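Undergrad: This structure is in structure tokens; I'll ask about it shortly.
The values are calculated or read from the model by the stated rules, or taken from the named source; none is laboratory data. All figures in this text were calculated on a predicted structure; none of them were measured in a lab. Every residue, glycine as well, gets a Cβ built from its backbone with ideal geometry; the counts of neighbours run over all protein chains shown.
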Amino acid sequence: MTSQAQGNELLLEASLIGREALRYTPAGVPVVSAILRHASRQREAGGERAVELEVAAVFAGGTAQAADRLCLGVNLRVRGFLAPRRKSSRSLVLHVTQFDSIEV
């Protein structure tokens, strides 16, 4: 089965509200699991709505080592992709490929 759609990129501004300790996969890749909180006002169907959410995030490789040094509460602009939490899972996790600290 071939898929025509290839795009899976997410850009999100959020604050870091939870983070686990740096760990390593069996292959030796550094990983940090975290929780990000986003709040904004979005335009939809001619109106405005408040959006507040928490999303599970995973930082791997060099981003994990950098994320391990972040303080809770820091505001971030993250870029990454969505993937299932586990192979057969329906819940999603944001895999962060880049991030920057931002002022709000």
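Undergrad: What are the residues in region 59-80 that are under 20 Å from TYR24 (Cβ atoms) and basic (Lys, Arg), if any?
TA: ARG69
Undergrad: Let me ask you something else. Among the residues of region 80-104, which ones are under 9 Å from the mean Cα position of the chain (by Cα) and exposed (fewer than 15 other Cβ atoms within 10 Å of the Cβ)?
TA: Within region 80-104, PHE81, LEU82 meet the criteria.
Undergrad: Then there's this: Taking only pairs six or more apart or across chains, which ones have beta-carbon atoms under 9 Å, a first residue in region 87-104 that is small (Gly, Ala, Ser), and a second residue that is at pLDDT 95 or above?
TA: SER91/ALA56; SER101/LEU70; SER101/VAL74; SER101/ASN75; SER101/LEU76; SER101/ARG77
Undergrad: Another question, then. State whether one or more residues within region 59-69 are more than 22 Å from ASP100 (Cβ to Cβ), at pLDDT 95 or above and outside any strand (DSSP E or B).
TA: No, because not a single residue in region 59-69 is more than 22 Å from ASP100 (Cβ to Cβ), at pLDDT 95 or above and outside any strand (DSSP E or B).
Undergrad: Among the residues of region 26-49, which ones are under 17 Å from ALA66 (Cβ atoms) and either over 14 Å from the mean Cα position of the chain (by Cα) or at pLDDT below 95 (or both)?
TA: Matches in region 26-49: VAL29, PRO30.
Undergrad: Considering each of GLU52, GLU13 in turn, give the residue that is assigned to a strand (DSSP E or B), of a type in the set (D, E, K, R), over 14 Å from LEU94 (Cβ atoms) and modelled with pLDDT of 95 or more. Write out each step before concluding.
TA: Working: GLU13 fails: over 14 Å from LEU94 (Cβ atoms).
The unique qualifying residue is GLU52.
Condition check ((1) of a type in the set (D, E, K, R); (2) in contact (Cβ under 8 Å) with a residue 12 or more places away in the chain) across all residues:
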position	(1), (2)
GLY7	no, no
GLU13	yes, yes
ALA27	no, no
LEU36	no, yes
SER40	no, yes
ARG43	yes, no
GLY61	no, yes
GLN65	no, yes
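Undergrad: Considering only region 81-104, state which residues are over 21 Å from GLY28 (Cβ atoms) and either part of a strand (DSSP E or B) or in contact with a Lys or Arg (Cβ under 9 Å, 6 or more places away or on another chain) (or both).
TA: PHE81, LEU82, PRO84, SER91, LEU92, LEU94, GLN98, PHE99, ASP100, SER101, ILE102
Undergrad: Return the residues of region 1-52 that are more than 23 Å from ILE102 (Cα to Cα), surrounded by 10 or more Cβ atoms within 10 Å (Cβ to Cβ) and aliphatic (A, V, I, L, M); say none if nothing qualifies.
TA: Within region 1-52, just VAL29 meets the criteria.
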